[in-house]
Structures are given as C-alpha cells and as structure tokens.
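What follows is a short report on a single structure.
The values are calculated or read from the model by the stated rules, or taken from the named source; none is laboratory data. Worth saying up front: this structure is predicted, and the values here are computed from it rather than measured. Here the Cβ is made from the backbone with ideal geometry for all residues, glycine too, and neighbour counts use every protein chain on show.
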Amino acid sequence: MEIQKGFVDSIGNTPLIRLNHYSDLTGCEILGKAEFLNPGGSVKDRAALFIIQEAEKKGLLKPGGTVVEGTAGNTGIGLVHICNAKGYKCLIVIPDTQSKEKIDLLRTLGAEVRTVPAVPYKDPGNYVKVSARIAEEIPNAIWANQFDNVANRLAHFQTTGPEIWEQTGGKVDAWLASLGTGGTFTGTAMFLKTKDPKIKTIVAEPFGSAIYNFVKKGELSAEGNSFTEGIGNGRITENMKDAPFDDAIRISDQECLETIYTLLRKDGLFVGGSTGINVAAAVRLAKELGPGRTLVTVLCDSGARYQSRLYDKDWLATKGYSIPEI
Ligand code: PMP
C-alpha cells in the first residue's frame with residue numbers, strides 16, 4: 001500500500017467489485033466500479049478534479065478564487081472538498097428537489113449553497129443557468145460548467161476507462177452507465193472503444209429522460225418520470241457529443257428499488273438510485289447475452305445520500321412504492 005498525498009491524490013483507483021448475487025444468477029461476471037469509495041463519496045470527484053485542474057492550467061482559477069457550479073449534488077460535493085484542499089471558495093446552486101442529505105452535506109463541507117426551484121433547462125431560472133450568471137458576477141470566479149465542459153469526460157477517458165481495462169485484464173463485453181452530464185458514460189465508453197471496438201457501450205436510462213429515445217429513434221423525447229437523482233437529461237450535452245451509443249435500456253423505478261434492496265440484502269452494498277438503474281440494466285443485458293460475458297457498470301454513490309428517501313418507507317409511500325421484500 002502506498003501513501004496518497006492528500007484528498008486530491010485519493011481520487012480514483014476505486015475497486016471493481018463483482019456483484020456476486022447477480023453474477024451467480026446470470027452466469028455472467030457483473031462488475032461494479034465502486035465510485036462511492038472515492039474520498040468525496042461519488043463518481044463526480046473525478047470530473048470535479050479535472051475541471052479544477054484544467055482551469056488552473058489555463059490560468060482561469062487563481063489563489064483565493066471561487067468555483068461556482070449548478071449541480072444535483074455530487075459534483076458540488078466533489079468540488080467543495082477539492083476547493084477546501086486547494087484553498088478556493090465554492091458556491092453551489094442546486095434544485096430544491098434534491099435530497100436533504102446532499103444539500104446539508106454541501107453546507108457542512110463549507111460551500112455557499114443557493115437552492116432554486118426545479119425548472120426546465122430552457123427557463124432562465126434553471127439551476128445551471130443561474131450558476132453561470134452568478135459566476136460572471138463574482139470577481140476571480142470560474143463556472144465549472146460540468147455539462148458542457150469536456151474536462152469532465154476527459155477525466156473518465158484518462159482514468160475510469162483505463163482502470164476498468166486494467167482491472168478486467170481487457171476482458172470486457174459490455175459497459176453500461178446512466179447519464180447525467182454524460183461524462184462518465186462517454187469518457188469511459190470512448191476509451192474502451194479505442195481498446196476494443198467490439199465492446200458494447202450501452203446507455204442505462206430512467207423514465208423521464210430523453211436519451212433513451214435519442215438512442216432508439218434519434219429523437220429527444222421522454223415519457224414518464226423517475227425518483228432517481230443526478231441522471232436523465234433532455235439534451236445532448238458537449239460531454240455526450242459523438243458518444244458511442246450502441247443501444248439503450250430503460251429501467252422503471254420499481255426495478256431500480258428491487259435492485260438496490262437486493263444489492264443491500266444479498267451483497268451488503270448500500271447504493272443510490274442511479275446505481276439501481278445501472279445494475280438493473282446490466283442484469284437485463286446479461287440475461288439477453290447469456291452466460292460467460294463480462295459486464296461492467298458504475299456504483300455511483302452511497303445509499304446514505306438517500307436514506308430519507310429511497311430507504312425510508314414513509315417517503316416511498318408518498319411516491320406509491322413500498323420497501324421490496326427480498
Ligand atoms: N449518478 C449520480 C448519483 C450522479 O450524481 C451523477 C452525476 N450527476 C451521475 C450518476 C451521472 O454521472 P455523469 O454526470 O458523469 O453522467
């Protein structure tokens with residue numbers, strides 16, 4: 001074991017965990033990249049670091065400067081940790097529909113947090129648009145712009161993808177991930193395709209997101225909605241441009257719930273809703289492909305970030321769900 005020099009050096013090099021229950025069930029190796037073990041607790045630490053490092057390299061972010069971002073939570077959490085470690089201030093704009101755990105954590109970590117009503121992207125009050133305006137108003141501030149700043153997907157092209165390739169010894173039949181900004185899916189998929197173009201790169205989607213129909217029919221349209229956070233999009237971001245979208249699998253919230261509770265009860269893994277979408281999609285694909293394949297997906301963040309929601313029976317009841325019997 002080597003010593004990591006502080007928070008920043010501890011990002012990445014996460015374990016690749018065999019999901020034993022679902023692997024045994026399908027006869028495939030279903031592997032989860034344990035991004036919840038990043039020091040900031042999610043897959044977004046990688047993007048946050050690359051965005052800050054790029055702004056430093058370009059001379060845009062100077063000592064004592066401020067990083068401003070609109071985020072569903074995890075990018076902000078990664079950013080504020082890194083800002084603390086590097087001596088920057090951090091201002092986060094977040095839709096008020098996101099979990100209390102994430103909003104409270106951002107404040108505890110030291111970010112200035114502004115909650116705004118959740119409105120569509122085209123509305124000037126949308127959290128992403130608000131964060132862009134605030135960044136312009138503050139002197140010596142940068143806008144992280146995770147959706148369209150391709151330093152985000154570069155993080156996954158340069159780290160997540162190579163780590164998966166090495167950890168599997170190059171034996172990967174499929175890569176699946178849900179998309180928020182699209183950085184994780186696209187950067188990793190693009191890297192894996194450079195190694196072996198036969199690797200299937202598959203989008204895992206909740207209802208209410210337009211990427212499923214985009215991949216299936218070439219149109220940005222959506223049906224239904226989802227209680228998942230941090231994933232789903234109505235547009236093709238810069239981070240999704242030219243993504244190798246081989247196919248898409250759509251997962252219901254009920255399947256997501258059954259999957260996260262199965263991971264908890266059978267494998268001891270406590271994960272959030274986007275991980276439920278990812279793993280459910282991997283299980284469906286494994287059943288379609290048949291035994292003997294290796295499928296890799298992401299365990300994006302911990303269930304602790306959703307304890308008052310996905311793991312709370314009263315909250316689930318307000319959405320018409322109950323805790324699945326596993
Ligand atoms: N899962 C969770 C819990 C997230 O917060 C995010 C990012 N918003 C994602 C998945 C999707 O990652 P990306 O932005 O790289 O597409």
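For the reader, a short list of remarks on this structure follows.
- Test: residue in region 296-304 that is farther than 30 Å from Phe191 by Cα and either in contact with a helix residue (DSSP H, G or I) (Cβ under 8 Å, 6 or more places away or on another chain) or at pLDDT 95 or above (or both): yes
- Within region 283-309, the residues that satisfy the criterion of being part of a loop (DSSP other than H, G, I, E, B) and either of a type outside the set (Lys, Arg) or buried (at least 24 other Cβ atoms within 10 Å of the Cβ) (or both) are Gly290, Pro291, Gly292, Cys300, Gln307, Ser308.
- Total residues in region 162-193, condition away from the ligand (no atom under 12 Å from the Cβ) and part of a helix (DSSP H, G or I): 10
- Any chance Glu258 is crowded, with 23+ Cβ neighbours inside 10 Å, in contact (Cβ under 8 Å) with a residue 40 or more places away in the chain and out of contact with any Cys (no Cβ under 6 Å at 6 or more places or on another chain): no
- Residue tally, condition away from the ligand (no atom under 13 Å from the Cβ) and touching a residue at least 40 places away in the same chain (Cβ under 8 Å), over region 134-157: 7
- Looking across region 221-269 at every residue that is within 15 Å of the ligand (Cβ to nearest atom) and among the basic types (Lys, Arg), the one that is modelled with the lowest pLDDT is identified as Arg235.
- Any hit, region 287-300, residues being under 20 Å from the mean Cα position of the chain (by Cα) and away from the ligand (no atom under 12 Å from the Cβ): yes
- Checked against the criterion of being crowded, with 17+ Cβ neighbours inside 10 Å and within 24 Å of Gly41 (Cα to Cα), the candidates Ala248, Ala222, Ala280 yield just one match: Ala280.
To keep it simple, each residue is scored yes or no on (1) touching a strand residue (DSSP E or B) at 6+ places or on another chain (Cβ under 6 Å); (2) within 22 Å of Val128 (Cα to Cα); (3) in contact (Cβ under 8 Å) with a residue 12 or more places away in the chain.
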| site | (1), (2), (3) |
| --- | --- |
| Gly6 | no, no, yes |
| Ile11 | no, no, yes |
| Leu31 | yes, no, yes |
| Leu60 | yes, yes, yes |
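- Some residue of region 177-191 being among the β-branched types (Val, Ile, Thr), surrounded by fewer than 24 Cβ atoms within 10 Å (Cβ to Cβ) and assigned by the TED database to the domain that holds Ala281: no
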